[in-house]
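**Q** Here it is, the structure in full.
The values are calculated or read from the model by the stated rules, or taken from the named source; none is laboratory data. What you see is a predicted model, and the numbers here were worked out from it, not measured in a lab. So basically every Cβ, Gly included, is an ideal-geometry build from the backbone, and we count neighbours across all protein chains shown.
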Amino acid sequence: MSRAVALSVGPELGLQRYLDEIRKFPMLQKDEEYMLARRWREHEDPVAAERLVTSHLRLVAKMAHGYRGYGLPLAEVISEGNIGLMQAVKKFDPEKGFRLATYAMWWIRAAIQEYVLRSWSLVKMGTTAAQKKLFFNLRRMKGQMQALEEGDLKPDQVATIAHKLAVTADEVVSMNRRLGGPDASLNVRVGEDGGAEWQDWLAQEEETQETRLGEREEFTNRMALLQDAMSGLNDRERHIIQERRLREDPVTLEDLAAEYGVSRERIRQIEVRAFEKLQKAMREAAEARGLLPAA
């Protein structure tokens, strides 16, 4: 699938004009989306692929807005998200029983986060999921605590964040200081005679191509496992998981309770049970494919 499919009205046109243009693409009904996905998957029909992509460009733009706090051009964030969307369309299997938007959100978020991590000069992230989760959630959690002022966090705030994100207190403190610190030029002169630049003292820490390929393969495997596992849920379980676990802005238990005419606690029970079924199915499938050691 050509990159031009998603960027035929790309953000380089001017952000506001681009946002106006993508609103003109109609949303797809479920049956229409299914048939287009079948045409692409079975015949690689470029017209079908383009319709699948353009009908979801607004989803990319909405998700990209959630990353405005990192000081990066929104147009570039959207472009990276569009690349993730195209990857999702290429791999989407309509026979699994859920919508493209649900599947694509994972790919869009991954593409945007990879771009943010690659572009941010202040932070050299580790490779663990917990460290990346800390990077992308620290601002939001500080806002919830009304702790957005500059300076170190209070010990109880550090402890709360560390517990919720499964990282150490030292990692929270370090990340908070790096996110709050000023950016510095790599060309600043250092040393008594000013004969060297700061960048001369920095070690080369870029990930190898093998590491990047390995992480991409791992992500692809996880998406395939999730897609297969979701097909094992019933319609209500699948819908509740999509609304509660797979959306950028999760629907509240109260709203789902009203939609289904049951109690808030009943929705919570269904969510927990469905999530446990997903975990079990994904683990069993991973073991069967040799992605995990057998228990």
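**Q** For residue 168, state whether it is loosely packed, with under 14 Cβ neighbours inside 10 Å, outside the structural domain of residue 226 (by TED's automatic domain parsing), at pLDDT 80 or above and of a type in the set (S, T, N, Q). Explain how you work it out, then say what you get.
**A** On the way: loosely packed, with under 14 Cβ neighbours inside 10 Å: yes; outside the structural domain of residue 226 (by TED's automatic domain parsing): yes; at pLDDT 80 or above: yes; of a type in the set (S, T, N, Q): yes.
So residue 168 passes the test.
**Q** Please work out if residue 117 is in contact with a helix residue (DSSP H, G or I) (Cβ under 9 Å, 6 or more places away or on another chain) and closer than 21 Å to residue 16 by Cα.
**A** Taking the combined requirement at face value, the residue does not satisfy it.
**Q** If you scan the stretch 242-258, which residues turn out to be closer than 27 Å to residue 93 by Cβ and modelled with pLDDT of 90 or more? Explain how you work it out, then say what you get.
**A** Taking the stretch 242-258 as the starting set, the residues that turn out to be closer than 27 Å to residue 93 by Cβ are 242-251, 256.
256 - this is the single residue of the stretch 242-258 that is closer than 27 Å to residue 93 by Cβ and modelled with pLDDT of 90 or more.
**Q** Follow-up question, since we're still on this one. Would you point out the residue of the stretch 245-277, among those that are over 19 Å from residue 100 (Cβ atoms) and in contact (Cβ under 8 Å) with a residue 24 or more places away in the chain, that is surrounded by the most Cβ atoms within 10 Å (Cβ to Cβ)?
**A** Applying the filter and picking the extreme gives 267.
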